[in-house]
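Since every read-out is calculated from the coordinates, none of them should be taken as a lab result. Remember, it's a predicted structure, so these values are computed and weren't measured experimentally. Note that we place each Cβ from the backbone using ideal geometry, even for glycine, and neighbour counts take in every protein chain shown.
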Amino acid sequence: MVGRAALSEVNRLIRENRVSEYCSPNLALGMRPLEFGDGSSHWTWQEQSKAVLNPFGTLQGGYLAVFIDELFSTAIASVLEEGECAITAEAKISYLRAVRPGTLDGSARVLRRSRTLAFLEAEVSGPDKKVAVRASSTWAISRQVSGRQTKNF
């Protein structure tokens, strides 16, 4: 589990667009952030190993969901204030077409953020530059008060 101080530092580096300092286990899969903005994120996934392919030679949907989760988590982190954290409350992923291995482009943005909720959307384009995946998500936002987390989640 990530400590509150470590989480605050990750959120800070995302707010400051310090892409080269971003760390995630999913970078080992080849996923790479390109830019973090105010309520947005942009990533690429240039090469996929055979381990992430299904028996038909296309990317397995679960790995695309991991890519989308990176998009969402970095987009929401860019709008969190000091002492806030957010978790996924729900997500909907629409797989519009099969995705062949090659360079993928993904982006996410915060559509609306309130004190306790945020609504986001994301898109992933395949090597052919056509949108292959669309997703939407709701995130619950919590704030640490006097050394303890509020009961939002």
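Key figures
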item: Computed [θ] at 222 nm, deg cm²/dmol, the chain (DSSP H ≥ 4; -39,500 (n - 2.57); rounded to nearest 500); result: -6000 deg cm²/dmol
item: Efficiency of FRET between R115 and Q60 - r from beta-carbon atoms, R0 41 angstrom, step 0.05; result: 0.65
item: Crossing angle, helix 61-77 versus the chain [Cα axis fit, 0-90 degrees, rounded to tens]; result: 30 degrees
item: Derived scalar couplings ³J(HN,Hα) [region 39-47; Karplus, 6.51 cos²θ - 1.76 cosθ + 1.60; whole Hz; x for Gly, Pro]; result: x, 8, 8, 9, 10, 10, 9, 7, 9
item: Rounded to 10°, Cα long-axis angle of helix 4-15 versus longest principal axis of the chain; result: 60 degrees
item: Per-residue HN-Hα couplings for region 126-136 [Karplus 6.51, -1.76, 1.60; θ = phi - 60°; Hz; x = Gly/Pro]; result: x, x, 7, 6, 8, 5, 10, 9, 10, 9, 9
item: Distant-in-sequence amide H partners of L104 (H built 1.01 Å from N, under 5 Å); result: W45, Q46
item: Under-5 Å amide H pairs with L96, H placed in peptide plane, nonlocal only; result: V133, R134
item: Values of log10 I(q)/I(0), in the order q = 0.08, 0.09, 0.14, 0.21 Å⁻¹, for the chain under a Debye, Cα-only, solvent-free model; result: -0.23, -0.29, -0.67, -1.32
